[in-house]
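Peer 1: What follows is a structure written as structure tokens; I'll ask about it next.
The values are calculated or read from the model by the stated rules, or taken from the named source; none is laboratory data. Remember, it's a predicted structure, so these values are computed and weren't measured experimentally. For the accessible areas, the whole protein counts, side chains as well, though only heavy atoms, and no ligand, DNA or RNA atoms are used. Shrake-Rupley method; radii C 1.70, N 1.55, O 1.52, S 1.80 Å.
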Amino acid sequence: MGLRLGVIGIGAIGKEHTLRIEKKLSRAKVVAVNDVNREHTEAFLAQHNLSAKFYESGIELIRAQDVDAILVTSWGPTHEEFVLASIAAGKYVFCEKPLAVTASGCRAIVEAEMMHGKQLVQVGFMRRFDKSYRQLKSVLDSEQLGYPLILNCAHRAPAAPGFAGDMAISDSLVHEFDVLKWLLNDDYVSAQVILPRKTRLCDDSLQDPHVVLLRTKQGVLINIESFVNAQYGYDIQCHVVCESGTAALPEPSDVMLRHDGKFTRNIIVDWQLRFIEAFDVELQEWIDATSVGRVDGPSAWDGFIVAVTADACVAAKHSGNIEPINIPERPVFYR
Ligand code: NAD
Ligand code: NAI
Ligand code: ISE
């Protein structure tokens, strides 16, 4: 059976992760689930002939004797409570992004983990496990093109049901905030947010798109377009301009058709498909590291840095100014 896992939040990604653990990955099994919607959870278990036990609350699941480690895939605002409870129970926990919806919430988790004395938390920034991002990182690490100077990035989705307020920054761009500092081995120092003309193809109350400009300690300028109601597809771009050349994230591979006077190729439209292999690698590596008592992936400190960056971007959006991103010295505990 391997690692006995409990999953809190059987929604879109909770279902995806449960099925990948049960049907694709090795050395682990989902033995426990919880969701505030019991009916849809039990229907999911029955549909896929899964034997996991339903727990009435996430806390009860965390404390269960036969649960070795936890996946938190519930709504973002519920993550802090479940991660803190996992640390209190001394159990390893994989928390889907965001770690917490505020930097102070992430800080509380960092403090609790350091008090516990051993890292237990990994955050679900899966792009670090994506083959194309890893290829791009190896080009930059080799310095074959010289230093990176400018990054031009885009995070586009066809639609964002349920998005409100600043979620394009706090719920979507958190992926860029984590993967770009990992790509560059750098830290952010300031943020500016520029609001283009709004699309008419979403709720009128939502600002969409956004342009976010980040400056790093080494002086790299990062331009990120967030467009979460782009209609045409789920399109993630990352183009790095270096001293003697450029390097770009490859387009996801797909068959190219020449037919009926057209040259066409499909564009992925669903985040679940765009990074499907990265999710598999991320969770298999997490299972194997957890089984030997290690945290190898993005830590609670990484989750905290991302939250501080997101808070600064939201502040810049509302102030119209360039805002500082004040990231404290990384504690030895997380080096
Ligand atoms: P959804 O309908 O797919 O999921 C909503 C879930 O909320 C359902 O599974 C339901 O069981 C659950 N629910 C209902 N009442 C609840 C309660 N009182 N407490 C806790 N959970 C309850 O909708 P969605 O598109 O996933 O978005 C739902 C919410 O999650 C939105 O407010 C959105 O801002 C947020 N969210 C969505 C995403 C995303 O990418 N889909 C990501 C992060 C957060
Ligand atoms: P969702 O809304 O589809 O599912 C959330 C589930 O959590 C629902 O089933 C809901 O009933 C449940 N839930 C809410 N409050 C709960 C509570 N107190 N206790 C137990 N269950 C509770 O949301 P989705 O899209 O699955 O997102 C879940 C999390 O995963 C979010 O944090 C999101 O940011 C993250 N996510 C990450 C992605 C990635 O690319 N890494 C992609 C999509 C989501
Ligand atoms: C979702 O929660 C994710 O994390 C996806 O990767 C992101 O593209 C989407 O905008 C989020 O809502």
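Peer 1: Rounded if a/c is under 1.5, else prolate if a/b beats b/c, else oblate: with a ≥ b ≥ c from the C-alpha gyration tensor eigenvalues square-rooted, which is the range 3-124?
Peer 2: Values: a/c = 1.90, a/b = 1.61, b/c = 1.18.
Prolate is the answer for the range 3-124, as a/c is 1.5 or above and a/b outweighs b/c.
Peer 1: Okay, next question. Measure off, as a whole percent, the carbon and sulfur share of the 1.4 Å-probe accessible area of the chain, all protein chains present. Walk me through the numbers on the way to the answer.
Peer 2: Details: 8190 of 15470 Å².
C and S fraction of accessible area: 53 percent.
Peer 1: Another one. Over the alpha carbons of the chain, what is the largest minus smallest coordinate on each principal axis, giving the biggest first in Å?
Peer 2: So the three principal-axis extents are 57, 55, 44 Å.
Peer 1: Quick one: what are the phi-derived ³J(HN,Hα) couplings along the range 201-211, Karplus 6.51/-1.76/1.60 with θ = phi - 60°, whole Hz, x for glycine and proline?
Peer 2: 8, 7, 3, 4, 7, 9, 6, 6, x, 10, 10
Peer 1: Another question, if that's okay. Which shape class, rounded, prolate or oblate, goes with the range 262-333 when its Cα gyration tensor gives a ≥ b ≥ c as root eigenvalues, a/c under 1.5 marks rounded, and past that a/b bigger than b/c marks prolate? Show your work: numbers first, answer last.
Peer 2: Working: a/c = 4.05, a/b = 1.10, b/c = 3.68.
Oblate.
Peer 1: Can you list residues from other chains, or at least 5 along the same chain, whose modelled amide H is less than 5 Å from the amide H of K53?
Peer 2: Here A32, V33 satisfy the definition.
Peer 1: Can you put I169, I322 in order of accessible area, largest first, using a 1.4 Å probe? Please report the intermediate quantities before stating the final value.
Peer 2: Details: I169 0, I322 110 Å².
So, going from the largest accessible area down, we get I322, I169.
Peer 1: In whole Hz, with x marking every Gly and Pro, tabulate ³J(HN,Hα) for the range 77-92 from phi via Karplus 6.51 cos²θ - 1.76 cosθ + 1.60, θ = phi - 60°.
Peer 2: Calculated HN-Hα couplings, in order: x, 9, 5, 4, 4, 6, 5, 4, 5, 5, 4, 4, 7, x, 10, 5 Hz.
Peer 1: May I ask for the distance between the Cα centers of the range 314-332 and the range 96-137, given as a whole number of Å?
Peer 2: If we compute the Cα centre of each part, the gap is 18 Å.
Peer 1: Additional query: For the range 188-263, what is the accessible area per residue in Å² when the probe is 1.4 Å? Display every interim value, and only then the final one.
Peer 2: Working: 4420 Å² over 76 residues.
On a per-residue basis, 58 Å².
Peer 1: Roughly how tilted is helix 131-142, in degrees to the nearest 10 and between 0 and 90, from the longest Cα axis of the chain?
Peer 2: 60 degrees
Peer 1: Still on this model: For the range 3-124, report the accessible area per residue in Å² (1.4 Å probe, heavy atoms, rounded to an integer). Mind showing how you got there, number by number?
Peer 2: On the way: 5110 Å² over 122 residues.
Here the residues of the range 3-124 average 42 Å² of exposed surface.
Peer 1: Another question about this same structure. Using only Cα atoms, what is the ratio of the radius of gyration of the range 97-139 to 2.2 N^0.38 Å?
Peer 2: My calculation over the Cα atoms of the range 97-139 gives 1.53.
Peer 1: Angle, helix 103-116 long axis vs. longest principal axis of the chain, Cα atoms, 0 to 90°, nearest 10?
Peer 2: The answer is roughly 50 degrees.
Peer 1: Among DSSP beta bridges whose residues both lie in the chain, state the antiparallel percentage, nearest 5.
Peer 2: Values: 30 of 56 bridges.
Counting DSSP beta bridges with both partners in the chain, the antiparallel share is about 55 percent.
Peer 1: Now a separate question. Quick one: accessible surface of V174, probe radius 1.4 Å, all protein chains present, in square angstrom to the nearest 10.
Peer 2: Accessible area of V174: about 10 Å².
Peer 1: Through the Karplus equation 6.51 cos²θ - 1.76 cosθ + 1.60, θ set to phi - 60°, convert the phi angles of the range 48-54 into ³J(HN,Hα) values in whole Hz; use x for Gly and Pro.
Peer 2: 10, 6, 9, 9, 4, 7, 8
Peer 1: Let me ask something else. Sort R127, R197, R107, R215 from largest to smallest accessible area, using a 1.4 Å probe on the heavy atoms of the protein chains. Write down the numbers at each step before the final one.
Peer 2: Numbers: R127 5, R197 220, R107 75, R215 105 Å².
Largest accessible area first, the residues go R197, R215, R107, R127.
Peer 1: Got the relative contact order for the chain handy, in percent, Cα pairs under 8 Å and 6 or more residues apart?
Peer 2: Values: 652 pairs, mean separation 65.1, N = 335.
Normalised by residue count, the contact order of the chain is 19 percent.
Peer 1: Where a ≥ b ≥ c are the square roots of the eigenvalues of the C-alpha gyration tensor, would you call the range 72-231 rounded, which needs a/c under 1.5, or, failing that, prolate if a/b is larger than b/c, or oblate? Let's see the in-between values first.
Peer 2: Working: a/c = 2.00, a/b = 1.17, b/c = 1.71.
Oblate shape, in that a/c is at least 1.5 and b/c is the bigger or equal ratio.
Peer 1: Can I ask one more? Sum -39500 (n - 2.57) across every DSSP H segment of at least 4 residues in the chain, then divide by the residue count to get the 222 nm mean residue ellipticity, nearest 500. Spell out each step's value before the answer.
Peer 2: On the way: 10 runs with 115 residues, N = 335.
When only DSSP H runs of four or more count, the value is -10500 deg cm²/dmol.
Peer 1: Turning to a different aspect of this structure: Check which residues have an amide H placed less than 5 Å from V269's amide H, if you skip close sequence neighbours.
Peer 2: For V269, the qualifying residues are Y234.
Peer 1: Among K15/K131; K131/K181; K53/K97; K23/K97; K23/K137; K91/K118, which pairs are too far apart, with a Cα-Cα distance over 20 Å? Kindly include the intermediate steps, with their values, before the conclusion.
Peer 2: Details: K15/K131 23 Å; K131/K181 17 Å; K53/K97 25 Å; K23/K97 23 Å; K23/K137 30 Å; K91/K118 10 Å.
Beyond 20 Å: K15/K131; K53/K97; K23/K97; K23/K137.
Peer 1: When only the heavy atoms of the protein chains count and the probe is 1.4 Å, how do M167, M1, M115 rank by accessible area, highest first? Before the final figure, lay out each step's value.
Peer 2: On the way: M167 60, M1 140, M115 165 Å².
Sorted by accessible area, descending: M115, M1, M167.
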